[in-house]
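All remarks here apply to the structure that follows.
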Amino acid sequence: MIKLDPKIPAGHISEKWTNHKFNMKLVNPANKRKFDVIVVGTGLAGAGAAATLGELGYKVKAFTYHDSSRRAHSIGAQGGINAAKNYQNDGDSIYRLFYDTIKGGDFRSREANTYRLAEVSNNIIDQCVAQGVPFAREYGGTLANRSFGGAQVSRTFYARGETGQQLLLGAYSSLNRQIKLGNVQMFHRREMLDVVLVDGVAKGITVRNLLTGEIESYGAQAVILATGGYSNVYFLSTSAMLCNATAVWRAHKRGALFANPCFTQIHPTCLPVHGEGQSKLVLMSESLRNDGRIWVPKKAGDNRPPNEIPEDERDYYLERRYPSFGNLAPRDVSSRSAKYVCDEGRGVNGGKAVYLDFADAIKRLGEQTVKEKYGNLFDMYQNIMDENPYKVPMKIYPAPHYTMGGLWVDYNLMSNVPGLFVAGEANYSDHGANRLGASALMQGLADGYFIIPYTIGNYFGSEKPAKPDVNSHEFKESKDEVLENVNKLLSINGKQTVDEIHKKLGHLLIDKVGMSRDEPGLKQVIKDITELRDEFWQDVKVVGKGEDLNQNLERAGRVADFLELGELMAVDALNRDESCGAHFRVGHETKDGEAIRNDEEFAYVAAWEFEKVGKWNLHKENLEFEFVELATRSYK
Amino acid sequence: MGNNNINLTLNIWRQESAEAKGDFEKFKVSVSPDASILEMLDELNNKLEKEGKIPIAFESDCREGICGTCGLVVNGHPHGALPKIATCQLHMRNFKDGETLYIEPFRATAFKIIKDLIVDRSGFDEIQQAGGYISFNTGSAPDANAVPIPKEIASLALDAAECIGCGACVAACKNSSAMLFVAAKVSQFALLPQGQPERYERVQAMIAKMDELGFGSCSNTYACEAECPKGISVKNIARMNRDYIVSKVTKETV
């Protein structure tokens, strides 16, 4: 029987992490080299953890499916990273960042974790500057800040519109140093396809070598999954093409609980869909909402070009509905508002797009200043949309972007499977039902640099896990199962391609488990996904062979897992009969369309245990709010 | 398929493995002008898979021009003829109906072809491992505002740090030189106060590794800058060369 123990340390919220660090068991420097750690994924969380564990003296094996660890999708983050430095003297503090994050998440995250995230945020900025990350600066040489959604202070550090790239390259440089020193062994072009448990404890992984197709086993005394989110379950999302849920899903099938899978963030500022052949959606950084104004025509059917619609016939709906946050309302609120106005037929040309207009900002600041702040984003827009955003307002629409749900972890970021740690977007931890902008980079680096390196030492120090034998039957059985799955995919030889089925799944999910969800729709979609999954296993066509570089096969395996995860998202959304954050259940809203939570019944983390495909058992971790009051979220 | 689709003839490089002999294969496609060139290949691959044929192997990930995974030579130009974009940002509206395209991998002695349009760029990682970092351990950093950095210096450092590590500079160079790639990292750290302690060891170590891996020497034709998707300036090469010379006269060779 699974018992969910979040292992929250005692004491006041501001002392929990300090006390916990003191109480944790240490591993002496000479003994650290006796411990092997596997890190899967080399984004901010994975590269940060691998580098820091290497510095501490552990023996690290790091894995990525990319050709280089620098390609992880953290690199795509544009706008910035939050920290409670209060360099702007505008009233920021650790407590305020904590409060904004927990409120932004609509009170569905664990207080102690969220506070710790805010607490270590300042160390992250110090760390990155020391690595040589060229953050934006003021003329006096100090660091510059800007604002992001859900906050009334300027606490976001940035490097043009390429903050994620710069932070990832910083982590990559630290990782490279450890590779050179021999503390980290780097494995490229390997996809994790199973986690290996020995007597219920995580002891290694099974991977497919993407160049040769060989199935390989690697053992360690702990495994860290830092494999990102699952937005690509929707087919079209802002995630990179390769992003997938396979690593966490295979861990889930081995016993790790999956928490709050229905908490998926649909980001308000993305480029609209251009056609069926589209492969992914492109995000326009939320930072644009600092200066851009969002509007639609007041009247449905007003198809005049935007510059011909007079001021008094425009509806700046975010400014109207949320006067104190305006265009910087949080993501879930902004996305839903865009959906409402488009559903009313007031979208651009009656379709799925709203305007993001810089005319006022250009008048106020001059084109040059706007160019300095957002130049690369404007260039990107012009390149894709073939329109000049300095002259014509941008067109945007919400798109799947980030997943707050993920594998359940305790305060130490360990899943319910001993020895299996989960970091970054892959875990459920700090963002509740909605993540605020510029907080994903913060969480990835917090987990990687400043949390797991401590908590893993505690695990080694207290449990003293033994080194596994990769020739044992557990490793062999895992290898056999993985190989069997590969052969099964290759042998179906049906009529539909992997992408065709993936697109069908995407349509089902965005329609029924997207920005708004209702009971009949969720019940229907569970049925539809089950059928689509059967269709996949009977009718998919995967060409080529297993013993070769085979991208078709790689995608097939990922889509097979998405077809199971998609169902769980709907099951979770059906169970959560309330509206909170990004999870909007029709029937639980005010007459203005604001979400109504049900704290009595749903102030818990829904952690799902896999029984068999299509069958899960629910475990609940009740969320206790000792230090903040459960309030109705208001951005008005 | 929209009515405004354009029809193209594609000659795509196919090569089963590093050892196999490669050749162009011809395809006829009809594609939306709003699609990117990689979306065109996605569609083509989908069609090939449906017919039970082996799809064209090519790499891509973010499709926003920042991860550096994609890289095709289109009609002789790495990332196509347009300036300052990666292959994933090349849209089909830039081609005319009836046009013929040649699509090849990034070719260089140091970039072995793995399959079709995929090459091995692991040499870039090795160069970075040789010295592309600042040595300090997590937890030991001073307050981020402790060392002020002039705005224009931070900005110049970022200009260099924007390199996406795609390898277009190497593919563009007739000598397959990696000077622009190496100079971008050397320059970023040489400009910043945090990079000073290891400045001269770094430049020597990275250049030595670059030479060892078989990348050629700089011919000063600036093809690298012209083809770079991020427009990394050759001034960074000048800055690196200066540091390299200084390192040779002031420091012992590492």
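Numbers at a glance
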item	result
From A:Y158, A:Y139, residue being touching a Lys or Arg at 6+ places or on another chain (Cβ under 7 Å) and more than 7 Å from chain B (Cβ to nearest Cβ)	A:Y158
The listed residue being buried (at least 24 other Cβ atoms within 10 Å of the Cβ), among the aliphatic types (A, V, I, L, M), closer than 26 Å to A:S337 by Cα and more than 14 Å from chain B (Cβ to nearest Cβ), out of A:A399, A:A433, A:A361, A:A426	A:A433
Among (1) part of a helix (DSSP H, G or I); (2) under 25 Å from A:T269 (Cβ atoms), the one test that A:G149 misses	(1)
Top-ranked residue in the stretch B:104-158 [being of a type in the set (G, A, S), within 7 Å of chain A (Cβ to nearest Cβ) and open to solvent by less than 10 Å² (accessible area, probe 1.4 Å); ranked as nearest to B:Y244 (Cα to Cα)]	B:G132
Hits in the stretch A:274-286 - residues which are among the hydrophobic types (A, V, I, L, M, F, W, C) and either at the interface with chain B (Cβ under 10 Å from one of its Cβ atoms) or within 16 Å of the chain's Cα centre (by Cα) (or both)	A:L281, A:V282, A:L283
Any hit, the stretch A:255-262, residues being more than 11 Å from chain B (Cβ to nearest Cβ), surrounded by fewer than 24 Cβ atoms within 10 Å (Cβ to Cβ) and over 15 Å from the mean Cα position of the chain (by Cα)	yes
Residues being farther than 19 Å from A:A136 by Cβ, touching a residue at least 24 places away in the same chain (Cβ under 8 Å) and either in contact with a helix residue (DSSP H, G or I) (Cβ under 9 Å, 6 or more places away or on another chain) or assigned to a helix (DSSP H, G or I) (or both) - total across the stretch A:59-92	13
Tally of residues being open to solvent by 40 Å² or more (accessible area, probe 1.4 Å) and either within 11 Å of chain A (Cβ to nearest Cβ) or part of a helix (DSSP H, G or I) (or both) across the stretch B:186-235	14
Yes/no for A:V470 being part of a loop (DSSP other than H, G, I, E, B) and open to solvent by less than 20 Å² (accessible area, probe 1.4 Å)	no
Residues of the stretch A:486-516 that turn out to be of a type outside the set (A, V, I, L, M), open to solvent by less than 60 Å² (accessible area, probe 1.4 Å) and not in a helix (DSSP H, G or I), as a count	5
Among residues of the stretch A:149-158, those that are open to solvent by less than 10 Å² (accessible area, probe 1.4 Å) and among the hydroxyl-bearing types (S, T, Y), counted	1
Extreme residue, farthest from the chain's Cα centre (by Cα), among residues of the stretch B:63-90 that are away from chain A (no Cβ under 11 Å) and open to solvent by less than 10 Å² (accessible area, probe 1.4 Å)	B:V74
Filter result for the condition that a residue is at the interface with chain A (Cβ under 9 Å from one of its Cβ atoms) and farther than 24 Å from A:K280 by Cβ, over B:S36, B:S60, B:S32, B:S17	B:S17
Evaluation of B:T9 against (1) in a loop (DSSP other than H, G, I, E, B); (2) in contact with a strand residue (DSSP E or B) (Cβ under 7 Å, 6 or more places away or on another chain); (3) closer than 30 Å to A:V282 by Cβ (one fails), failing number	(1)
Among residues of the stretch A:45-71, those that are within 23 Å of the chain's Cα centre (by Cα), more than 8 Å from every other protein chain (Cβ to nearest Cβ) and among the β-branched types (V, I, T), counted	1
Failed criterion for A:C128 (all others in (1) more than 9 Å from chain B (Cβ to nearest Cβ); (2) not in a loop (DSSP other than H, G, I, E, B) hold)	(1)
All helices (runs of 4 or more DSSP H) inside the stretch A:11-56 with 1 or more residues being closer than 18 Å to A:I124 by Cβ, polar (S, T, N, Q) and open to solvent by less than 50 Å² (accessible area, probe 1.4 Å)	A:44-56
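The rows are residues; the columns are (1) aliphatic (A, V, I, L, M); (2) open to solvent by less than 10 Å² (accessible area, probe 1.4 Å).
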{"residue": "A:G132", "(1), (2)": "no, yes"}
{"residue": "A:A136", "(1), (2)": "yes, no"}
{"residue": "A:Y139", "(1), (2)": "no, no"}
{"residue": "A:A144", "(1), (2)": "yes, yes"}
{"residue": "A:R160", "(1), (2)": "no, no"}
{"residue": "A:Q165", "(1), (2)": "no, yes"}
{"residue": "A:S173", "(1), (2)": "no, yes"}
{"residue": "A:N176", "(1), (2)": "no, yes"}
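The values are calculated or read from the model by the stated rules, or taken from the named source; none is laboratory data. Since the structure is predicted, the reported quantities are computational estimates derived from the model, not experimental observations. Backbone-built Cβ (ideal geometry, glycine too); neighbour counts: all protein chains shown. Note: accessible area is taken over every heavy atom of the protein model, side chains too, but ligands, DNA and RNA are not part of it. Shrake-Rupley method; radii C 1.70, N 1.55, O 1.52, S 1.80 Å.
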